[in-house]
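Notes to accompany the following structure.
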Ligand code: ARG
């Protein structure tokens, strides 16, 4: 599709230097917007004809040719090159080469400045829908796991030190909460970006009698932008999306970090299926959690994409500046990375075995029930601070004598406080410890099952 003459060449005396073409061109990556560009052009041409700005017959020719171009690009029949500059010019050139004069009317009352924002908005609203579906698939997977592991007790950690026993299901649903917030954020971002930018033209709008609401209707936008300058300058929606994507990645990455640690021989809490791990080229015994590590690593990439867009935007004078062309590679990278990671993570977790016996064993001992002993004393009427101190003394005694709270005799307990009775061992039995936290948000089986039911309702709605 190389054509010597550029659509904007009227005022130029010399042709563009070849390295300038290569440097300024974005066609090698923005060509992935072609279907949205054509969709937008068809809507624009339709509106122009309805408003009498171009003839109906011309619009018909344009629309038909655009539809053919769409199929030809999809079939790989049209080759792009650097002299095409960007996807808008590439398609317009192809259009003019096919239908001549009429093709030159498509860009009436439009600039590439509003056109590119349209393409990206159309692209992103579709992609966000796909990402939301992937997050939902992962949620369904987590709910399944939460149900099947409802009896599994594991040690909960703070500071990477054994803290208190929790249900493994509660752990899964903690990520369920995170992904639920991601879902809200992505939906919010999708709704905010869902406005028609066309009509802003270069920056000031157009003197021609366009009907923006009509174009919005054709393209299924519930609203139109309200300030032509803002419309071409604004990329908030890209930054918002990459931020939302960064949080999704961060949640996956934290989950991965646990799985990596838990699959070590020292923990042995999980075994990721052979199909989702890799080996070592030298150490024959190795089975490495590379997928989880790569997701953790790719999180950094998406953060980089976020940093790129934020930095592109920070010093830009009003309104459009060519710097904005640099928004697309970080955006595409964030979209592709988050989609890939969500999909493979859901599969990996589906093929991971959780070792309930090892988790239970690890949840025992290590004073993970010390808080419960203190709460037991609170139930006996002691102020919590006092109870805390007594139990602290008991822990010190255990450490010195190599004992655990679970195997102290009643007599030993009573040495520290004479109000201990023989129900203390029952109080600190792991199952009782877990199930006593039955308030909303607690780790008791009943509370977790209740939250599972709520998740089931909301995830089926998407
Ligand atoms: N390729 C450009 C971009 O991505 C399209 C807009 C170009 N506008 C311009 N006035 N040079 O931002």
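Restricted to helices (runs of 4 or more DSSP H) entirely inside region 1-68, those with at least 1 residues that are surrounded by 20 or more Cβ atoms within 10 Å (Cβ to Cβ) are 27-30, 34-50. Residue 292 meets the conditions (1) out of contact with any strand residue (DSSP E or B) (no Cβ under 8 Å at 6 or more places or on another chain); (2) buried (at least 18 other Cβ atoms within 10 Å of the Cβ) in every case but one. The failed one is (1).
Conditions tested, residue by residue: (1) surrounded by 13 or more Cβ atoms within 10 Å (Cβ to Cβ); (2) more than 48 Å from the chain's Cα centre (by Cα).
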residue	(1), (2)
407	no, no
414	yes, yes
427	yes, no
430	yes, no
438	yes, no
443	yes, no
453	no, no
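Inspect all residues belonging to region 110-131 and state whether any of them is more than 30 Å from residue 64 (Cβ to Cβ), in contact (Cβ under 8 Å) with a residue 40 or more places away in the chain and away from the ligand (no atom under 16 Å from the Cβ).
Of region 110-131, the ones more than 30 Å from residue 64 (Cβ to Cβ) are 128, 131.
Those left that are additionally in contact (Cβ under 8 Å) with a residue 40 or more places away in the chain: 128, 131.
The next check asks that each one be away from the ligand (no atom under 16 Å from the Cβ); those that pass are 128, 131.
Yes, region 110-131 contains at least one residue that is more than 30 Å from residue 64 (Cβ to Cβ), in contact (Cβ under 8 Å) with a residue 40 or more places away in the chain and away from the ligand (no atom under 16 Å from the Cβ).
Restricting attention to region 141-156, the residues that are in a loop (DSSP other than H, G, I, E, B) and either closer than 10 Å to residue 172 by Cα or touching a helix residue (DSSP H, G or I) at 6+ places or on another chain (Cβ under 6 Å) (or both) total 3. Quick one: in region 225-241, which of the residues that are over 22 Å from the mean Cα position of the chain (by Cα) and surrounded by fewer than 17 Cβ atoms within 10 Å (Cβ to Cβ) is nearest to residue 204 (Cα to Cα)? Checked region 225-241; the qualifying residue nearest to residue 204 (Cα to Cα) is 229.
Pairs linking a residue in region 264-284 that is more than 19 Å from residue 153 (Cβ to Cβ) to a residue that is assigned to a helix (DSSP H, G or I), with Cβ atoms under 7 Å and 6 or more positions apart or on different chains, are 272/259; 272/348; 276/291; 276/347; 276/348; 277/290; 278/290. So is residue 172 part of a helix (DSSP H, G or I) and within 17 Å of residue 119 (Cα to Cα) or not? So residue 172 does not fit the description; no. Residue check: residue 53 meets all listed conditions (1) under 41 Å from the mean Cα position of the chain (by Cα); (2) in contact (Cβ under 8 Å) with a residue 40 or more places away in the chain; (3) away from the ligand (no atom under 15 Å from the Cβ) but one, namely (1). Do you know which of the residues in region 73-109 that are in a loop (DSSP other than H, G, I, E, B) and within 16 Å of the ligand (Cβ to nearest atom) is modelled with the lowest pLDDT? So the residue we want is 81.
Scan the helices (runs of 4 or more DSSP H) fully inside region 396-454 and keep the ones with 2 or more residues being touching a strand residue (DSSP E or B) at 6+ places or on another chain (Cβ under 7 Å) and modelled with pLDDT of 95 or more.
430-435
Selection of first residues in region 300-328 that are over 18 Å from residue 230 (Cβ atoms) and of second residues that are in a helix (DSSP H, G or I) and within 14 Å of the ligand (Cβ to nearest atom), restricted to Cβ pairs under 7 Å at least 6 apart or on distinct chains, gives the following pairs, ordered by first then second residue: 305/330; 308/330; 326/312; 328/29; 328/30.
The values are calculated or read from the model by the stated rules, or taken from the named source; none is laboratory data. Treat the numbers as computed from the prediction; the structure is a model and nothing was measured. Every residue, glycine among them, receives a Cβ derived from its backbone with ideal geometry; neighbour counts consider all protein chains shown.
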